[in-house]
1. Just reorder B:Leu28, B:Leu510 by solvent-accessible area, largest first, 1.4 Å probe, all chains present.
2. So what is the relative contact order for segment B:340-516, in percent, with contacts set as C-alpha pairs under 8 Å and at least six apart?
3. Starting from the amide H of B:Phe628, placed 1.01 Å from N in the peptide plane, find each other amide H under 5 Å away whose residue is 5 or more places distant or on another chain.
4. Among residues other than B:Val592 whose Cβ falls under 12 Å from its Cβ, what is the net charge (Lys/Arg +1, Asp/Glu -1)?
5. For a protection proxy built on the mean count of beta-carbon atoms within 10 angstrom, sort B:303-314, B:361-372 highest first, please.
6. Which order do C:Ser28, B:Ser141 take by accessible area at a 1.4 Å probe, largest first?
7. Give the long-range amide H neighbours of C:Leu79: residues separated by 5 or more places, or on another chain, with amide H under 5 Å away, using H modelled in the peptide plane at 1.01 Å from N.
8. Dipole size in debye (nearest 20) for segment B:521-666 around its Cα centre, Lys and Arg Cβ +1, Asp and Glu Cβ -1?
Amino acid sequence: MDYSRKKRVLVVDDAAFMRMMIRDILKKNNFEVVGEAANGQEAIAKYEELRPDLVTLDITMPGLDGVTVLRKIRERDPSARIVMCSAMGQQAMVVEAIQGGAKDFINKPFNPQKVVDTLRRALQ
Amino acid sequence: MDQKTYLPVFIEETKENIQLMSENLLLLEQHPDNLDAINTVFRAIHTIKGMSATMGYEKISQIAHEAENYLDWVRDGKAIVDEQVINALFELADEIEEQLNSLSATGETKETDSRRLAVLSRFRQDNGFDEEEELKPALYSIRVTLDPDCMLKVARMLTIYKQVGTYGEVQQVVPTVAEMVDAQTADNMECTMVTDKTNAIRHFLATHGDVAEFSIDRKGPAPSVSHEVDAGQQVAEAADSAEPVEQVEPVQQVQQAEPQHNAQANAAESPTARHSPSIRIDTEKLDRLLNLVSELVINKTSIQQQASDVPEMSEGVEHLNRLTADLQETVMQMRMIPLETVFNRFPRMVRDTARSLSKSVALEVSGAATELDRTIIDDIADPLVHLLRNAIDHGIEPADRREQAGKPETGVIKLQAYQTGNRVIIEVADDGAGIDAELVKRHAVARGLIAADEQDRRTILNCIFSTGFSTTGQVTDLSGRGVGLDVVKSSIENLGGEVEVNSTLGKGTLFRISLPLTLAIIQGMLVQCSEDLFVIPVSYILETEIIYPEEIKMVGQQRIYMLRGKVLPIVYLAELMGVEDYTPPEELSMVVARHGERQVGLLVDDLISQQEIVIKNVAWGQELFRDFLGTTILGDGSVVLIIDVNNLLAPLKIKEVDKLGQSVRSLPARQ
Amino acid sequence: MANQYVVFQLDNELYGVEITQVRTIEKSLPLTRVPHAPNFVKGVCNLRGSVIPVMDLKKRLSLPETPDEEIDRIMIVNLGRFSVGMTIDAANDVVTIEPEDIEPSPSIISGINAEFIQGVAKVGNRLLIILDLQKILTLDQIDQLEKLN
């Protein structure tokens, strides 16, 4: 992996608490959180604006759900690297997201080490 | 999320890819060095392979794999594309298509026809490719077991599978993705793949927190697909070199390096690439929507009539009118599909037919983007196939005869479609031997179809559409054009269409089909005639006129009317409709209708209104309704028949009137 | 297996058709005549939004004409994809008949084209003529008929 530059991450989650958690985990592990979005529309706009190396995308959000946002971002940038955030019991949606081009997924509640492993893997 | 959900999409997309493959194979046949075509075929087959492997249809992916391997050598310049190879690839395309048909019919793949697969294997052996194993990729079995504590195992296994897949070329995965999804869990997976990146795979799996155990075992050299039945064995025993997934990349490089080919390549990517964003709709739902709109139109008409006395409602009714019209238009638009969907299969069909007859025939297609209502599209394919086959079989002469006639060796069939007004014209023209009108005439006169003194060339030629015209042995002498043409004619007429033929002996033959754009809703004129009501489609109507019985003249047996100095043959519609003891009213309405290329005045008692007519077909007894395009239900619930002007007037031999008309015209015209 | 038959009357005879082939029996519906159709085609009617042809069953079976032409009932039968109406005098009953109780059509039933009859069965002390709808509605039969005319 290229460690010479901090990887730029956009964090998308409707819950401010979850965004904070992810941000903390990432900061401690040498990622740069370049932006946060609380809903799908915002996520798409921020993605266009920031062109991050990676997006963590909550799968259930009010309004546009994660799978739809994934599609829309990948329509704009087919090389977008997106990792879904999901809770237990959302397997079908996660499978759909992966078939829709998501690189990987992390499950809530977050295990910091697994989150970091997953994101590193997704950036390879 | 189970496999059944994907199956229709899989079948459809695979068919599209087969179509793409066929189109480009035909191109290759003309230009064996067309790199774009090779690449397009390669991409199509590669996509088929990937999709079918994902769906767990090994038989299909193996067939695709075989084709892909061969093409790869072609791209590397190790093998050539000749007629035999193209034939073999067509066979593989057919085999895949049959597998798909089997899938749609039974949900299962069928036994692979091993002879088809054998052909390419033999070329490969003949060319000595089997010894040329200079590439390192080999066949590996990769087994993965997930950590029991791992959550969302199916999704996890899927990401692992996807990642591993990027390191090589997956031949088989157990369980398949669909099986995992069905089972809701996935502890183990075995992936059989061709790869030369085992280190990367090892690194990926070893560092993955959710992987409890894994193994990577070499199973043998990278396989080619043989035609044995068992997939596992096959993979193991086959011995050949194949380059995995990166094969796609050179394609892209070629495109980038040669921008001038880019546009072509993109265009060749039809039909999938060209479509605007779309969803697939069950045609039954579409039909139902149309039915509902039809009901709405009937209801609207009824409301409109009842509201005509209530001025306060006029604005609302007007709005309803506009909305219904828009809705109807939109639904009709939704039902329009391009003829392309039918035309696409013709190049292959023409090629095969010509080949089987040892003839050289080129098909030139134009206007494939012309759109028609789905119901018409569905039913136009068979008549067209028939006309094309006839053109190849009986129209285009054998090479030696063409040479004698001073024609190029390759016969040309032009298939052309275009829209004119609210009709679509499809023409099938060949530059073959043409039809001997004299022979047709003799034959037709003998069968009592026409009078012995018939002179009209068109009338004579069109006798070939008559039922039973072709059933005698003489037909072969008439270049056999009669075979089944009565069936062609009746199928086209059932669609509200017309077909006619023109031909010049020695030069070629032209069949012209004219079809309505849509079937279901038409503009119609409601007319009263004695006690009956009828609808005359507005598309037939040129103008209407009030006339008086004393203005009607007789020429021989034919009534005529002088319309602006021209002779117009006229008929009482009531008489045509078998009304006995008909007494015309003192003031008549005349509908001037188009009848082929002629005009005829239809006299009716009254014109009631022009309105939108929803055609309701009667399912039983088509033969009884020959003179009618169908029926419609009026706002008051009554049923009215829609007149098919051409069929109704056909037995009247109105043409006789033309001659009479000329004689009248030669008299001093008086009004 | 025993089949159920709808029994109806035409003149004074009893006829039966398999109940599975009968869609509904309607009181008379307004008919629109079809010019140039054979005489046994009485017209077309609007059955809840579908246009359905109606056959004059007496004429179809070549029964002698009766002076009063008033239609009592139209029996809508289903065959394959289509529905056809047939004029009948009255529908009486539904009866169950064992297949072995159906005898092949004797040629003695006067006037009726034997081809249209599947067989006869005894119901109480009366004879029930079981019609072969397939044949009655098959159009090449009609073509032949037209040719005869």
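1. On the way: B:Leu28 0, B:Leu510 40 Å².
Most to least solvent-accessible, the answer reads B:Leu510, B:Leu28.
2. Numbers: 303 pairs, mean separation 42.1, N = 177.
That works out to 24 percent.
3. Close amide H contacts, sequence-distant or interchain: B:Asp644.
4. Values: positive: B:Arg564, B:Lys566, B:Arg594, B:Arg598; negative: B:Glu543, B:Glu545.
Residues near B:Val592 contribute +2 overall.
5. Values: B:303-314: 12.4, B:361-372: 17.7.
My ranking of the peptides, most packed first, is B:361-372, B:303-314.
6. Values: C:Ser28 65, B:Ser141 0 Å².
Largest to smallest exposure gives the sequence C:Ser28, B:Ser141.
7. Correct list: C:Val84.
8. On the way: 12 positive and 21 negative charges, 178 e Å.
Computed about the Cα centre, the dipole is about 860 debye.
The values are calculated or read from the model by the stated rules, or taken from the named source; none is laboratory data. Predicted model, so just to flag it, every value in this text is computed and none were measured. All Cβ positions, even for glycine, are placed from backbone atoms using ideal geometry, and neighbour counts span all protein chains on display. Accessible surface areas use protein heavy atoms only, side chains included; no ligands, DNA or RNA. Shrake-Rupley method; radii C 1.70, N 1.55, O 1.52, S 1.80 Å.
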